[in-house]
Amino acid sequence: MGINGVEGDKTLQSICYKRGSLRLLDQRKLPLETTYLDIKDTKDGWEAIKEMVVRGAPAIAIAAALSLVVEVSNLASFNGTSDDAATFLRKKLDYLVSSRPTAVNLSDAAVKLNEVIDKAAAEAKEVNSVFQEAYIEATEAMLEYDVMSNKAIGSYGANFLQKHLTDNQKITILTHCNTGSLATAGYGTALGVIRALHAQGVLERAYCTETRPFNQGSRLTAFELVHENIPATLIADSAAAALMNAGQVKAVVVGADRVTANGDTANKIGTYSLAVSANRHGIPFYVAAPLTSIDLFLSTGQQIEIEERSPKELLHTRGGLGEQVAASGISVWNPAFDVTPANLISGIITEKGVITKNGADTFDIAEFVRKTSGDL
């Protein structure tokens with residue numbers, strides 16, 4: 001199986017997987033170099049996630065789980081009981097979850113895989129191929145589901161925006177960070193909505209921010225938009241409000257690393273600024289994310305742990321990989337994410353449909369999840 005789940009898919013491949021082998025596209029080097037790194041075990045997977053070789057909440061979860069699959073697949077033998085093997089796998093998953101704390105998709109994948117491990121341990125008295133196969137198949141199913149759910153997000157989002165925004169005119173969309181096939185197992189979330197609008201012939205133009213300080217917008221989103229021949233324009237983060245004021249934005253669509261029960265959303269730093277600007281200019285602001293990004297255990301965004309990145313990402317060019325550009329000795333605050341409150345969000349586009357607000361102008365996300373469970 002190749003990434004994107006379908007042989008011949010022409011979208012960019014960030015994760016290349018087949019049984020016993022995993023290669024990750026080193027996104028730090030894009031768009032100038034296309035280099036894949038071999039991931040042989042969970043240590044390699046942890047480092048690749050922490051250092052942003054692979055990034056994007058859905059892709060992080062898939063890459064982490066697959067790194068453990070590769071390690072399990074290549075184990076010559078395991079000396080111990082099925083309980084010993086289950087403990088080994090649980091510890092590996094806990095280790096992988098520690099790589100980046102803000103995105104809920106990774107911990108959600110770990111919870112689901114732990115359930116598979118518990119069931120396999122209960123049914124197998126000793127470690128055998130059946131135990132191993134249960135974990136591997138569950139992870140590969142996650143890979144396939146991510147592609148399918150992303151395409152559903154694109155379809156639901158495109159249809160919803162056409163219904164509510166077109167007025168017989170083409171749509172201009174502003175997006176932030178990178179939410180395409182490079183950030184997921186394939187197709188994308190917010191960028192998937194843009195891709196679907198383009199395929200349906202109703203997209204006039206996509207605007208993407210550069211997304212400082214790691215430049216996921218200029219390095220990755222712009223790269224994907226050019227690759228897909230989608231009409232697009234790159235802007236500086238600080239130009240977004242001016243673009244809105246000029247009447248060039250019909251809607252803002254961004255991704256999410258975590259959505260709490262009330263609809264508060266953690267996403268790449270700068271998202272909150274876009275939401276405030278959109279609200280000021282009367283522009284609808286949408287979040288596109290799979291249900292795995294929803295964390296019903298957190299009631300508000302104030303409970304989300306926000307990852308802080310290395311000062312080097314601000315002090316040096318290319319997100320810390322290039323030459324120093326800031327004064328030595330200056331202190332740095334470099335949060336990777338911010339939280340957009342639910343009252344600034346118009347709707348949340350998922351693979352089961354679009355979550356909109358009820359009469360009280362609030363989201364009932366738990367009820368939406370309950371009603372749509374098992375639909376896809």
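The values are calculated or read from the model by the stated rules, or taken from the named source; none is laboratory data. Since the structure is predicted, the reported quantities are computational estimates derived from the model, not experimental observations. Positions of Cβ are backbone-derived with ideal geometry, glycine not excepted, and every protein chain shown enters the neighbour counts.
For the reader, a short list of remarks on this structure follows.
- Residues in the range 198-223 that are among the small types (Gly, Ala, Ser) and not in a helix (DSSP H, G or I) were compared, and the one that is surrounded by the most Cβ atoms within 10 Å (Cβ to Cβ) is 206.
- Residue match in the range 140-153 (condition: modelled with pLDDT of 95 or more and either crowded, with 19+ Cβ neighbours inside 10 Å or assigned by TED's automatic domain parsing to the domain that holds residue 320 (or both)): yes
- For the range 172-197, a residue qualifies if it is surrounded by fewer than 23 Cβ atoms within 10 Å (Cβ to Cβ) and out of contact with any strand residue (DSSP E or B) (no Cβ under 6 Å at 6 or more places or on another chain), but none of them does.
- Selected residue [at pLDDT below 85 and over 24 Å from residue 185 (Cβ atoms)] from 102, 81, 87: 81
- Hits in the range 260-308 - residues which are among the hydrophobic types (A, V, I, L, M, F, W, C), within 20 Å of residue 164 (Cβ to Cβ) and in a helix (DSSP H, G or I): 274, 275, 278
- Leading residue by the ranking (modelled with the highest pLDDT) among those in the range 309-327 that are part of a loop (DSSP other than H, G, I, E, B) and closer than 25 Å to residue 256 by Cα: 311
- Candidate set: the range 70-104, residues that are touching a Lys or Arg at 6+ places or on another chain (Cβ under 8 Å) and in a helix (DSSP H, G or I); chosen: the one farthest from residue 177 (Cα to Cα): 82
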